[in-house]
Amino acid sequence: MFVEAGDPANPAIVFLHGWPTSSHLWRTFVPMAAPWMRAIVPELPDPCDLEGSAASVRDLLERLGVERYAVVGHAEGAAIAQMLAVRGGVEAMVLFDAVAFDARPPSELDAEATLRAGVRGPERLAADAIAAHLMAARPRERIVRGSPPAAAELERLEIPALIVWGEDDAFLPAELAERLGDALPMSTIALLPGCGHLVTEEAPETVVPLVFQYLRSRYLHTPHAHEEGPVTVQIGRHPPEESFRW
């Protein structure tokens, strides 16, 4: 199962969720991407199975005729993104609070408890978002199978990579962002203070334009044009009233 939006003739972008989230994680990103890119959002049955999920994404892209693309991933989805990049075809990469190297999130919490612990405060994760994530079929436990690429493999990647991390991630410490940044030769790191593991839920008004502007410059290679004078960027943590639905 997957969702697709945007013109198939445009450059492709693939969004990959981790556990215990779902494709609903990208509901505010797809409307940003669709006017410019061909957005492809798989629903991964078991993102903790890194090898199996990477293979299923490759198969999906082959069926869709996609050979070159950008990839955006969170947690296990970000580990899968790294695996796809090492395999080839990825032209730009965005990693949110990534499973990487030998780091593994704790597995003792159930899915709902993990979602609630992924944010700094309960008001930052709406009840309907929790319900949407839990509706998708998920394994009961967070047991990561397979390994993300080693540092030596990442060091050979000559693609732009944006690494975004919540400074207060309770599952994967922010120091891991620095390790990834050291390994990826064309990387940029953005640490978000006051945010936890689910930065896409806590700070969509910050991370969505951040990702778009990064991909516009480093993937689409389009100039940034605006009227003369200062440009104001509003920083906030409340999701927009309208979001992409599927």
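Points worth noting:
- Going from the residue with the fewest nearby Cβ atoms within 10 Å to the one with the most, 21, 206, 188, 200 rank 188, 206, 200, 21.
- Charged-residue dipole, Cβ positions (Lys, Arg, Asp, Glu), the range 2-218 about Cα centre, Debye nearest 20: 400
- Gain on full extension, evaluated as 0.36 nm per residue between residue 221 and residue 150 minus their Cα-Cα distance, stands at 22.7 nm.
- Between the amide H of residue 190 and those of 163, 164, 165, distances stay under 5 Å, these residues lying 5 or more places away or on another chain, with hydrogens modeled in the peptide plane.
- One Cα centroid belongs to the range 196-226, the other to the range 74-97; the line between them spans 16 Å.
- Volume in Å³ per residue [convex hull over Cα atoms, computed for the chain]: 122
- Amide H partners (placed H, <5 Å) of residue 170, local residues excluded: 197
- Mean-position separation - Cα centroids, the range 1-71 and the range 123-151, in angstrom: 16
- Exposure proxy ranking, count of Cβ atoms within 10 Å, fewest first, for 128, 110, 97: 128, 110, 97
- Furthest towards positive pole of dipole, 92, 64, 119, structure part the chain, Cβ charges: 64
- Under the Karplus curve 6.51 cos²θ - 1.76 cosθ + 1.60, θ = phi - 60°, whole-Hz ³J(HN,Hα) for the range 158-170, x wherever Gly or Pro sits: 9, 10, x, 9, 9, 10, 10, 9, x, 4, 9, 4, 7
- For the range 67-82, backbone phi angles converted through the Karplus equation (6.51, -1.76, 1.60; θ = phi - 60°) give residue-by-residue couplings of 10, 10, 6, 9, 9, 10, x, 10, 6, 4, x, 6, 5, 4, 4, 4 Hz, Gly and Pro being listed as x.
- Site pair residue 117 and residue 143 shows an inter-label distance of 1.7 nm when each label is modelled 7 Å from Cα along Cα→Cβ.
- GluC sites (Glu not before Pro) within the range 43-120, DSSP loop, no more than 16 other Cβ atoms inside 10 Å: 43, 67, 108
- The trypsin sites (Lys or Arg not before Pro) of the range 110-140 that DSSP puts in a loop, and whose beta carbon has at most 16 other beta carbons within 10 Å, are 140.
Each value in this text was obtained by applying a stated rule to the coordinates, not by laboratory testing. Bear in mind the structure is a predicted one, so any value in this text is a computation, not a measurement. Cβ sites come from the backbone with ideal geometry, for glycine too, and all protein chains shown count toward neighbours.
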